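**Q** Once you've had a glance at the structure underneath, I'll fire off some questions.
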Amino acid sequence: MPHLDIAPGEALYYEYDAPGAAGATFVFVNALTGNTGTWQHAEIGPRLRAAGYGTLAWNFRGQAQTRFGAQTALTPKLVVEDMLRLVAELKPPRPIVVGLSIGGLFAAQAVLAGMPAESLVLINTLRKPGPRLEWINQATVALARAGGTRLIMEANLPQLVNPEQLGAMRSGVFSGEPYQPMDRADGLYRLLEGSLAADWDVAWEQLRLPVLSMTGLHDRVFYVAADVEELAGRIAGIQRVEFPDAGHLTPIERPQAFARALLEFARGVK
């Protein structure tokens, strides 16, 4: 399995396929609880590669198949630094950077820090800092401490995904078994806790490349229509796509429509 070594005992996991005829590379940035599998769905990664595009999917330190030190602070700053390092090392041609949820924030921060990018795709990313967002983020960490990922899922999924997806995920939940607190040394817990330091006060108006914002309208947690309108208005020339039948996890909920929107955007970038 390919890894990029960063320090003794620390490495990123990645999956890279160079582009074909299209000449550009989709560089994917996970959500905190995600992994490369999100982008390798049969209707996403393989479809993009069949259209001649390259793909680069990778996991943050703390996510699956990575190596990280016990004393390493798994912060948003570290994620952005690792992304800059990975792209500089692999040099994927003409990057189209695609970030899901907070992954879109990391993608935008990397671009603003000088990472090469042809264009940028933000999936359910645009949100304003303030008491509401802080409450949501703090509550997620508290749920992890109390009952791990199962409690987070059971508490939040009805507000995050479309009803069809919720039905598909219904089996196996509410088993009655005791919840297990997440180990505080676990990589995911450390990423969740570290994410409380994320800086959502982004200089969106400083982005100087084509930007596509995707919004799943079934997202009842992070989507605030007025905030998205305001923040999108700060990005010159932004394109927007709404998914009325998807929520926060748009690539998982509607992979075909998601890949189609990616291809349409990429083909329209000059």
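**Q** With the cut-off at 1.5 for a/c, could you classify region 194-270 from its C-alpha gyration tensor as rounded, prolate or oblate?
**A** oblate
**Q** Pop a pseudo-label 7 angstrom from the Cα along the beta-carbon direction at both Ala203 and Arg234 and give the gap in nm to one decimal.
**A** Result: 1.2 nm between the two label points.
**Q** Right, here's the next one. P(r) tail for the chain, what percent of Cα pairs lie past 25 Å?
**A** 43 percent
**Q** Among Leu160, Leu209, Leu78, rank each residue by its count of other Cβ atoms within 10 Å, from fewest to most, as a rough exposure measure.
**A** With the sparsest Cβ surroundings first, the list reads Leu209, Leu78, Leu160.
**Q** Let me ask something additional. With a/c under 1.5 counting as rounded, go ahead and sort region 82-208 into rounded, prolate or oblate using the C-alpha gyration tensor (a ≥ b ≥ c being the square roots of the eigenvalues; past the cut-off, prolate if a/b is larger than b/c, else oblate).
**A** In terms of gyration-tensor shape, prolate.
**Q** Ratio of Rg to Rh for region 62-155, alpha carbon only, Kirkwood?
**A** Across region 62-155, the Cα-based Rg/Rh ratio is 1.01.
**Q** Most fluctuating residue of Leu192, Leu12, Leu151 in a GNM of the chain with Cα springs under 10 Å: which is it?
**A** Leu151
**Q** Would you mind ranking Trp135, Trp39, Trp204 by Cβ crowding within 10 Å, fewest neighbours first?
**A** Taking fewest neighbouring Cβ atoms as first place, the list is Trp135, Trp204, Trp39.
**Q** Still on this model: How large is the Kirkwood hydrodynamic radius of region 154-205, counting all unique pairs of alpha carbons, in Å?
**A** Evaluated over region 154-205, this radius sits at 14.4 Å.
**Q** Return the single residue from Ala22, Ala198, Ala226 with maximal mean-square fluctuation; model: Gaussian network over the chain, springs between Cα atoms under 10 Å.
**A** Ranking Ala22, Ala198, Ala226 by mean-square fluctuation puts Ala226 first.
**Q** Then there is this: Taking the Cα centre of the chain as origin, work out the dipole magnitude from +1 charges on Lys and Arg Cβ and -1 charges on Asp and Glu Cβ, in debye rounded to 20.
**A** Using Cβ point charges on Lys, Arg, Asp and Glu, the chain gives about 320 debye.
**Q** Continuing with the same structure: Can you show me the helix-derived [θ] at 222 nm for the chain, built from DSSP H runs with n ≥ 4 at -39,500 (n - 2.57) apiece and divided by the number of residues, rounded to the nearest 500.
**A** Counting only the DSSP helices, I get -11500 deg cm²/dmol.
**Q** Can you list the HN-Hα couplings for region 2-18, worked out from phi with the Karplus curve (6.51, -1.76, 1.60; θ = phi - 60°), rounded to whole Hz and with x for Gly and Pro?
**A** x, 9, 9, 6, 10, 8, x, x, 10, 7, 8, 9, 8, 10, 10, 10, 5
**Q** Ranking Arg267, Arg127, Arg145 by Cβ neighbours within 10 Å, fewest first, what do you get?
**A** Arg267, Arg145, Arg127
**Q** Once you treat every alpha carbon in region 12-77 as an equal point and sum by Debye, what is log10 I(q)/I(0) at q = 0.13, 0.22 Å⁻¹?
**A** Here the Debye-derived log intensity ratios amount to -0.40, -0.87.
**Q** Local charge sum around Glu43 (other residues, Cβ-Cβ under 13 Å, Lys/Arg +1, Asp/Glu -1)?
**A** With Lys, Arg at +1 and Asp, Glu at -1, the neighbours total +3.
**Q** Equivalent ellipsoid semi-axes for region 1-151, as square roots of 5 times the alpha carbon gyration tensor eigenvalues: give them largest first, rounded to whole Å.
**A** Semi-axes from the Cα gyration tensor: 26, 18, 15 Å.
Every read-out reported here was derived from the displayed coordinates using simple, explicitly stated rules and does not represent laboratory data. A quick note: this is a predicted structure, and the numbers were derived from the prediction, not measured. Don't worry about glycine lacking a Cβ; one is built from the backbone with ideal geometry, like all the others, and counts go over all protein chains shown.
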